[in-house]
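Every number here is computed from the coordinates shown, using simple stated rules; none is lab data. Given the structure is predicted, the values throughout are model-derived calculations rather than measurements. Every residue, glycine as well, gets a Cβ built from its backbone with ideal geometry; the counts of neighbours run over all protein chains shown.
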Amino acid sequence: MSATVDLPEIDPAAPRRQPGAAPAWTGPLSGLVSAAAAVCVGLLVAAIMDVDSPLNAVGSEFIDHTPKWLKLRAIDWFGSHDKDALRVGMVITIGLLSLVIGWVARRRRWVGPAAIGVFGIVGAVVSVGRPDGSGSAAVPPVLGAVAGAALLWYVSGVVAADDGPRESPHPSRAPNGWDRRLFLATTGSAAAVAAVAALGSRRLEHERIEDLEAQASGTLPPVATSASPTGSSAPSGSTPAIAATADIPASATVSPVTPFITPNNEFYLIDTSLSVPRISLDSWRVEIGGMVDTPLSLSYDDLLERPQIERTITIACVSNEVGGSLIGTATWQGVRLDALLEEAGVHPDAEQVFGTSVDGWTCGFPVELAMDGRDAMIAIGMNGEPLPLRHGFPARVIVPGLYGYVSATKWLQRLDLTTWNGNVGYWVPRGWAREAPIKTQSRIDVPRRGDAVAPGKVMIAGIAWAQHRGVAKVEVRVDEGAWQEATLATDVSIDAWRQWKLEWDATPGSHTIQVRATDGTGATQTDEISRPDPDGATGYHTRTVDVG
Ligand SMILES: Nc1nc2c(c(=O)[nH]1)N[C@H]1C(S)=C(S)[C@@H](COP(=O)(O)O)O[C@H]1N2
Ligand SMILES: [Mo]
């Protein structure tokens, strides 16, 4: 079976108002095919050169300039799929623009190449200017634009309106002034070339990721089993901040839907990076510098050779709405940050530990929090495996008690000891607080939204967290009645979430369930409702269930 293309039929008897003129749709179609050719050639050249593609560079630039309300909206709507949404948005935008450009170019031929040229220049300027960009990053957008512009120039010549039969030595080919066959053959082959280029670039990107996966498939060094002194600053009476994967008792889990340890492939993902940064383990190093006596430069092997710790820590995103899912618990393995900083010798006037990632993202947190005995680390392992690529391979920072955007640099490249004025983290000028300890919070996981709940005994269960202070109490109330104390699951660490449950005698009708947690210092989470910005959402998680 062969595919058929539905083309307008030529009725030889019909009168022609403008003999020889190409139909209007040829303009937008030319624009679309030329833009596709430009973009796909750009993708392929970038993949061959092993640099970030112009599309990614422009997308990243867009991310960097996204206003706060739009960023929150995007996370709210798309969660960890915000990058896919951005890609789809870019493709639709480029597609629509190209239709308009093609439309105009049918009458004004120069407009097509000029417009594509402008996009090429913008792409080149943006690509070169990215934090991980270089001069060679201009080559893909420029070559792509040249290909697209040349194609559009040529094709608009083919479709150029012509008021009469052209003098032609081949009357059978172009009797009516525009050459339909030539047009279809040209745009058709250009579309095919674009598709092949796109597939080729995908194949190369796939190989790049596979190569990284292979680099990340090594085995982690063993962790000393003796518990190291930790949690010295923790409120007295709470569980010390120590837990390895094997240590997690079954009694830590009481929620039927939330595993205590979040599997790596279900762990939330938040970052500004459109693709996994280009890293070669052989040349990768993490530098510890700035206001220190002896700067350190550590290779991956250097990190593997240092004493390892393994700690179960819950990390959370400041953008997490009350009741949201941008939170997860993993057993992280790595090298203590305080040990590294002591070795480097931090100057007394240093205020901030400032992380920079391979792709130029930055964040910072107070030096004291790296040195106060909490289990801050440069992590290389997550739940018994080397860090997954998207979670920051080869190494990232984990600091118990701080939101990710001020502490958890993935794809770590440097840590600088600096002052607050010396460096400003990525999110701070974008309207987020400079210092951001995780707020005490709690979440109802069952009954789930939309669950059919029968009258009688119903289990309400969920999680609560107050990293580095610990969860001391969780209370639940129904229909704004009296607060009832929930049963707490076994505490694993003051740095990890704690599960809770409460049996409820449900009566028919609609009911509102609310939860609140009290931390290890005796402070109960606030009922005041506030948005995630600038330093974390507050308010009680509230769920309405229909019993009947
Ligand atoms: N390089 C880099 N590291 C980053 C980010 C980023 O955008 N780039 N985002 C931070 C934020 S906001 C959070 S919440 C955590 C999320 O870590 P995860 O994706 O492993 O869950 O990573 C942090 N580390
Ligand atoms: Mo975050």
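A few comments on the model shown:
- Multiplying the residue separation of Val104 and Ala454 by 0.36 nm and removing their Cα-Cα distance gives an extension gain of 119.7 nm.
- Once backbone amide H atoms are built at 1.01 Å from N, Lys473 has Thr518 as its partners under 5 Å, excluding neighbours fewer than 5 places away on the same chain.
- Per-residue Cβ neighbour counts within 10 Å put Trp427, Trp110 in the sequence Trp110, Trp427, beginning with the fewest.
- Bridging of Lys457 to lysines at a Cα separation below 25 Å is possible for Lys473, Lys501, once same-chain residues fewer than 8 apart are set aside.
- Simple label model, 7 Å out from Cα along Cβ direction - Glu480 to Thr93, nm: 4.5 nm
- Cβ-based exposure ranking for Met459, Met90, Met382, Met377, in which fewest neighbours within 10 Å come first: Met459, Met90, Met382, Met377
- 3J(HN,Hα) along region 513-521: 9, 10, 9, 8, 10, 10, 8, x, 8 Hz, from the Karplus curve 6.51 cos²θ - 1.76 cosθ + 1.60 with θ = phi - 60°, whole Hz, x for Gly and Pro.
- In this simple spin-label approximation, Arg434 and Glu287 carry label points 7 Å from Cα along the Cα→Cβ vector, and these lie 2.5 nm apart.
- Axis angle, to the nearest 10 degrees, between helix 180-215 and the longest C-alpha principal axis of the chain: 20 degrees.
- Relative to the longest principal axis of the Cα atoms of the chain, the long axis of helix 82-107 lies at roughly 20 degrees.
- Sites Thr490 and Asp372 - FRET efficiency at Förster radius 41 Å, r taken between beta-carbons, to 0.05: 0.95
- Within the same chain, lysines fewer than 8 places from Lys68 are excluded, and of the rest, those with a Cα less than 23 Å from its Cα are Lys83, Lys410, Lys439.
- Options Val91, His65, Ile444, ranked by Cα towards positive dipole end of the chain, top entry (Cβ charges): Val91
- Cα-centre dipole for the chain with unit charges at Cβ (Lys and Arg positive, Asp and Glu negative), debye to 20: 2120 debye
- When +1 charges are put on Lys and Arg Cβ atoms and -1 charges on Asp and Glu Cβ atoms, the dipole computed for region 441-547 relative to its Cα centre reaches about 200 debye.
- Region 405-427-region 428-468 distance, computed between alpha-carbon centres (Å): 28 Å
- The ranking of Ile209, Ile327, Ile463 from fewest to most other beta carbons within 10 Å of each one's beta carbon is Ile209, Ile327, Ile463.
- Using the Cβ-Cβ distance between Arg181 and Ser325 with R0 set to 51 Å, the FRET efficiency from 1/(1 + (r/R0)^6) comes to roughly 0.40.
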